[in-house]
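Participant: Dumping the structure here so I can ask a few things about it.
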């Protein structure tokens, strides 16, 4: 397993795959801290304009635009609930269907977006590594409310 494949697996819903990736990354602490320093980025701010654009894109004619909007709204997580509740009353059947599906998934917690999983698992890895460099990355994550959408 490479560090890059382990990075990808950290966001996997399959806990056993993510666990193997975590063990791999813990085994190479210096490389992992460098990887996380480059890969962990602050989450974009959640603002009304961005949410409106994403919700509007749920009903786009292009399926790729709809899928990307759905994925981004999952990444936004609970702060998107209000906009999704409004969209669930949309006259557009596609927007309504997607909004209701996202609401169900976010409210039930059945799915956690890959970027959020990576961030949570990265915190655990860095805590286990415990070096001064790892603590520095943890502090930076705390200050910036880090997510890993990349």
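The values are calculated or read from the model by the stated rules, or taken from the named source; none is laboratory data. From a predicted model like this one, the values you see are computed outputs, not experimental measurements. Here the Cβ is made from the backbone with ideal geometry for all residues, glycine too, and neighbour counts use every protein chain on show.
Participant: Inspect all residues belonging to the range 61-72 and state whether any of them is under 30 Å from residue 133 (Cβ atoms) and loosely packed, with under 14 Cβ neighbours inside 10 Å.
Facilitator: no
Participant: Taking residue 35 as meeting all but one of (1) over 30 Å from residue 137 (Cα atoms); (2) modelled with pLDDT of 90 or more, write down the number of the exception.
Facilitator: Unmet for residue 35, out of (1) over 30 Å from residue 137 (Cα atoms); (2) modelled with pLDDT of 90 or more: (1).
Participant: Look through 118, 104, 78 and report the one residue that is modelled with pLDDT under 95, in contact with a helix residue (DSSP H, G or I) (Cβ under 8 Å, 6 or more places away or on another chain) and surrounded by fewer than 16 Cβ atoms within 10 Å (Cβ to Cβ).
Facilitator: Among 118, 104, 78, only 78 is modelled with pLDDT under 95, in contact with a helix residue (DSSP H, G or I) (Cβ under 8 Å, 6 or more places away or on another chain) and surrounded by fewer than 16 Cβ atoms within 10 Å (Cβ to Cβ).
Participant: Go through the residues of the range 129-141 one by one and say whether even a single one is part of a loop (DSSP other than H, G, I, E, B), assigned by TED's automatic domain parsing to the domain that holds residue 15 and closer than 30 Å to residue 29 by Cα.
Facilitator: yes
Participant: Taking helices (runs of 4 or more DSSP H) that fall entirely within the range 1-115, which contain at least 3 residues that are in the same structural domain as residue 133 (by TED's automatic domain parsing) and within 20 Å of residue 144 (Cβ to Cβ)?
Facilitator: 29-39
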